[in-house]
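The values are calculated or read from the model by the stated rules, or taken from the named source; none is laboratory data. Bear in mind that the values here come from a model prediction, so they are computed numbers and not experimental data. Here the Cβ is made from the backbone with ideal geometry for all residues, glycine too, and neighbour counts use every protein chain on show.
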Amino acid sequence: MGLTKISAAAVFLSFFVFIFPLNAQEAAEENRDDPVEFDDEDLDYLFFEAPDLVFEAPRFEIRSFDAVFPGYSKYDKEDIMDEYGIRSSFDRKGSPSIMPAPNSGISLYDQVMKRKPSHVVEALVVIPYITRELDLLDVYNSLGRITHIKDQILTYASGRTLSVFKDTTRLDNSVNRRAVPDPAPSNRLPYSETMYIRFTDTYIGNLFLRGNITQSLYGLTYDLTNFRDVSFSIFKIMKSERISIILYIEPVKEGILIYAMSGFFLPDFILEKLNLTVNINNRITVLLNWIVEGLRIQETIAVDRVNNPIEGLIQNERFNKLIHN
């Protein structure tokens, strides 16, 4: 709680000083060198004590998983807190089955459907904390390791492995698509950021993506879409702005909540020849594994952060709050 005391006398005097003379005679009189004397009684009406104005700032508390996604007791907690999480899919005529609370402030569905996808896959997972609770700055830094997405290898029960991406890198911008290195971890959380990325998919080839990171009260939203057409061999299979991969990430009491909704538009003749759900799920799994790896790295630097606080951060036992200068 902070106390703010406003002196009404100070406010009054600020107006009194800047009152201009009403006529030339009064102005001349004011310019005389004779000092102006006031009796104590004359000054009494200028100074008085105003009551204190008291403001109470609301205490920020992280939410629980049930507050964000109520009614999910039908799923085993172990399924939601497994790195694969729970998944659901629907086509253009369907609707989502993993729905956040109406007052949660999360609305990925509307954003995805703006791009008119032919197929949508949802995913929901909570990554438990191990050594400490993580905050939004940890989440932001875990999303900065673009070059390490390609390192995620999927391993099946049969022992077969799959490398979904041959290469992943940042780009300078959408016009000059020159590869640039990932920046060092940040000690400040931006309100929003746009980056350009190239994914070299093992099967499709180059995907040129634009990623927008935006901060909300409780979490970060990472919205990826293709800013160039997608071609397979010599055929254009997808126009620009038709891929929609949106990740909402929020630190909750139980761990890091990740809610993903991915939509793609592909022509019917292509959909008939492949299992799009499996292909999208593989790529979602790669992104989730990459985020989890980044979060675990953030946990290992907790000692450095606590022992040597970074300028611009207030250490808090439940949540690090950022000061924007």
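Report, by residue number, each residue of region 117-158 that is free of Cβ contacts under 8 Å to residues at least 12 places away in the same chain, among the aliphatic types (A, V, I, L, M) and out of contact with any strand residue (DSSP E or B) (no Cβ under 6 Å at 6 or more places or on another chain).
ALA157
Residues that are of a type in the set (Phe, Trp, Tyr) and in the same structural domain as LEU295 (by TED's automatic domain parsing): which strands (runs of 3 or more DSSP E) entirely in region 141-251 hold 2 or more of them?
Numbers: elements: 153-155, 161-163, 165-171, 192-201, 205-215, 220-226, 230-232, 235-238.
Qualifying strands (runs of 3 or more DSSP E): 192-201.
From (1) at pLDDT 90 or above; (2) surrounded by fewer than 17 Cβ atoms within 10 Å (Cβ to Cβ); (3) closer than 21 Å to ASP268 by Cα, pick out the condition that doesn't hold for ASN212.
(3)
Which one is farthest from the chain's Cα centre (by Cα), of the residues in region 112-140 that are part of a helix (DSSP H, G or I) and buried (at least 18 other Cβ atoms within 10 Å of the Cβ)?
Step one: of region 112-140, the residues part of a helix (DSSP H, G or I) are 112-113, 136-140.
From the residues that got through so far, the ones that are buried (at least 18 other Cβ atoms within 10 Å of the Cβ) too are 112, 136-140.
Values: VAL112: 17, LEU136: 7, LEU137: 9, ASP138: 11, VAL139: 8, TYR140: 7 Å.
Here the residue is VAL112.
If you go through region 267-275 one residue at a time, do you hit one that is part of a strand (DSSP E or B), touching a residue at least 12 places away in the same chain (Cβ under 8 Å) and in the same structural domain as HIS148 (by TED's automatic domain parsing)?
The first filter runs over region 267-275 and keeps only residues part of a strand (DSSP E or B), leaving none.
There is no residue in region 267-275 that is part of a strand (DSSP E or B), touching a residue at least 12 places away in the same chain (Cβ under 8 Å) and in the same structural domain as HIS148 (by TED's automatic domain parsing).
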